[in-house]
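Have a look at the structure below before the remarks.
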Amino acid sequence: MISMPVTESFATNLSCAKCGTAYPIDKIQYFSTCCEQPLLVEYRYGSLNKADLAFRENTMWRYHEMLPLLDLSYKVSLGEGMTPLLPLTNLASQFGFEHLLVKDEGLNPTGSFKARGISVAVSKAKELGIAECVIPTAGNAGGALSAYCAAANIKATVIMPVNTPEIFKQECKYFGAELFLVDGLIDKCGQLASKIQFENEAFNMATLKEPYRLEGKKTMGYEIAEQLNWQLPDIIVYPTGGGTGLIGIWKAFHEMINMGWIKNKKLPKMVVVQSTSCRPMVDLITGINGTLPDESASIANGLMVPNPFGKDLILKVIEESHGLAVAVNEEQIFKSVKEIWNQEGMAFSPEGAATWAAVKILIEEEKIDREEKILLLNTGSGYKYLENFID
Ligand SMILES: *Cc1c(COP(=O)(O)O)cnc(C)c1O
């Protein structure tokens, strides 16, 4: 094993996503107070070459210069990232696709890509000496926070809709978190999280209201590029709730262009997939007002985010990438779950399966075609949802 010298983070400051006002990186930050928008971590583009990655650890921390943890000794890692990027061979041949791929995030610790963001945010909390973290969650982020806080010796408080499947509650309790159940969706959980933040001086990790989870999730973008030998796909299909992963992948692509790791010929079209039960981004794009979110309507609970704080950034990604937004219904989600489990032997989550349902719709509508190189994000493990799979 070659031991690498500890290199400092290349992070320089945070900046308001809307007006660019700079904020310091060495103390706890939430969102921008100037425009009430997410804060983005800015980096100097140092001497990191993609060839340097070859001997690095097989986790997302292989890109640690491009993460905001200033002192790596505070890193809290359970082996997240470097998940498999695989072809969906059987579905591709059955449906006539040339390149149909998946990045399988279900193989992360706690069974979802939430591990990436939470690993960075909890590491940052440790570096900043924080004693308690609180999070409003649709399920997976709560489990991830509980696990990483257990590893970091930090108290975790999780707030979840009462309608969330039992397994998401159990995992938090077993990892030692304090769990509150709220009658409503994630926005209502957010109100209680803010209260606990102020009463207990807890670090509130609500989606995009702090800048660190985004940085963890952006490593999916780095891995997609590295695993595809720096040739990006034509289309990336992303099941969107708060939008962190979508925004993060797009941020990573721009950072890699700035470092000369990829050439800015044509970036992938980014496709936002939502549930017909809760589709704020699809409604914004199409200008049609959908139904109000139904609190028990989707098995894809990670998509039930009625008012994403990062909606301006999500819109920007769709616009800049010439992307699309599409909603899929419960029947289409279930059908896709079955198809993927049955034909590929992969345990997709309902959110992940929603991307396959979306691809079929977009083909039907002739908005994408079968010759394009299409990458789906399976954001979580379907095993956590088994009790809710019917027939
Ligand atoms: C949280 C979650 C999503 C939504 O992720 P965002 O990046 O916040 O849009 C999708 N799928 C699963 C399984 C999730 O847990």
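At-a-glance table
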read-out	value
Filter pass, V158 being within 16 Å of the ligand (Cβ to nearest atom), in contact (Cβ under 8 Å) with a residue 24 or more places away in the chain and either under 30 Å from W261 (Cβ atoms) or in contact with an Asp or Glu (Cβ under 6 Å, 6 or more places away or on another chain) (or both)	no
Criterion (modelled with pLDDT of 95 or more and not in a strand (DSSP E or B)) met by exactly one of S73, S47	S73
Residue under evaluation I257, criteria (1) away from the ligand (no atom under 16 Å from the Cβ); (2) in a helix (DSSP H, G or I); (3) under 27 Å from E36 (Cα atoms), criterion not met	(3)
Filter result for I262 (within 13 Å of the ligand (Cβ to nearest atom), farther than 26 Å from N388 by Cβ and not small (G, A, S))	no
Test: residue in segment 322-329 that is part of a loop (DSSP other than H, G, I, E, B) and within 16 Å of the ligand (Cβ to nearest atom)	yes
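For every residue, the table says whether it meets (1) over 24 Å from L40 (Cβ atoms); (2) of a type in the set (V, I, T); (3) part of a loop (DSSP other than H, G, I, E, B); (4) within 12 Å of the ligand (Cβ to nearest atom).
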residue	(1), (2), (3), (4)
L313	no, no, no, yes
E339	yes, no, no, no
K367	yes, no, yes, no
R370	yes, no, yes, no
L375	no, no, no, no
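The values are calculated or read from the model by the stated rules, or taken from the named source; none is laboratory data. These numbers come from a predicted model, not from an experiment. Glycine gets a Cβ as well: all are built from the backbone with ideal geometry, and neighbour counts include every protein chain shown.
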